[in-house]
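Since every read-out is calculated from the coordinates, none of them should be taken as a lab result. On a predicted model such as this, the values are computed, not experimentally measured, just so you know. A quick note on method: Cβ atoms are made from the backbone with ideal geometry, for glycine too, and the neighbour counts reach across all protein chains shown.
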Amino acid sequence: MSIEQIVDTIRSFEGTLVLAPDESSGFPEIAWGDYFFYYAPDGEVPQNVQPFATIVTKDYPDDTQSQLDGDDRWRVNVHVGRRVFHELTGQDPRTFEWTDFATPDTFMPHPVYGSLGWIAVVSPGEKANGTLLDLLSDAHRDARARTIRRESTGD
């Protein structure tokens, strides 16, 4: 599955805002070409809220372990929470140990945000695609539920 196919799928989720920084966006150059997915039915980037998923197309200064600067390497990152993180990796996100964050088409802890219940898949392919789309849908549903809960409590 290509980046474009994943972006199109996520874009079809009700209330999703796809943030795709580029030269004209005012966002830092390091973020150009990447994607950030929010539940935002008003079309505005939510304040004080993390995206429910991202796609990164290059290494960041503090995030190089996935070796994304090679040809055709990119990574989908999804917030899945502790239970699903454990199901996918066999480890607790608070204490996970992982050695190879560059393996393609494999669910693994996010190299920087794994302890917060984020998983990552480098260059997803046949092995990961079906489950990945389910995880993205679930992450969207969870982000929507958090937004509704915050709005109902006034937070």
Task: Dipole axis of the chain (+1 Lys, Arg; -1 Asp, Glu on Cβ), positive-most option in Ala102, Ser152, Ser115 - done: Ser152
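Looking at the square roots a ≥ b ≥ c of the eigenvalues of the Cα gyration tensor of the stretch 104-155, which shape do they give, rounded for a/c under 1.5, prolate if a/b is larger than b/c, or oblate?
Oblate, since a/c reaches 1.5 and b/c is not below a/b.
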Task: Farthest positive-ward along the chain dipole, Cα basis, beta-carbon charges - from Pro21, Gln47, Gln67 - done: Gln47
Task: Within the stretch 3-153: Cβ-based charge dipole about Cα centre, in debye rounded to nearest 20 (Lys, Arg +1; Asp, Glu -1) - done: 720
TODO: Quickly rank 2-12, 138-148, 57-67 as a protection proxy: mean count of other C-beta atoms within 10 Å, highest first.
DONE: 138-148, 57-67, 2-12
- [ ] For each of Ile55, Ile119, count neighbouring Cβ atoms within 10 Å of the residue's Cβ, then give the residues from fewest to most.
- [x] Ile55, Ile119
- [ ] Quick one: which residues, 5+ away or cross-chain, put their amide H under 5 Å from the amide H of Gly125? H built at 1.01 Å from N.
- [x] Asp105
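For the chain, what is the percent of antiparallel DSSP beta bridges, rounded to the nearest 5?
Counting only bridges with both partners in the chain, antiparallel ones make up about 95 percent.
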Task: Residue-averaged 222 nm ellipticity for the chain, from DSSP H runs of 4+ at -39500 (n - 2.57), nearest 500 - done: -9000 deg cm²/dmol
TODO: Beyond 18 Å, what share of the Cα-Cα pairs of the chain is found? Please give it as a whole percent.
DONE: 58
TODO: Return a whole-number percent for the relative contact order of the stretch 3-153, with Cα pairs under 8 Å and 6 or more residues apart as the contact set.
DONE: 19
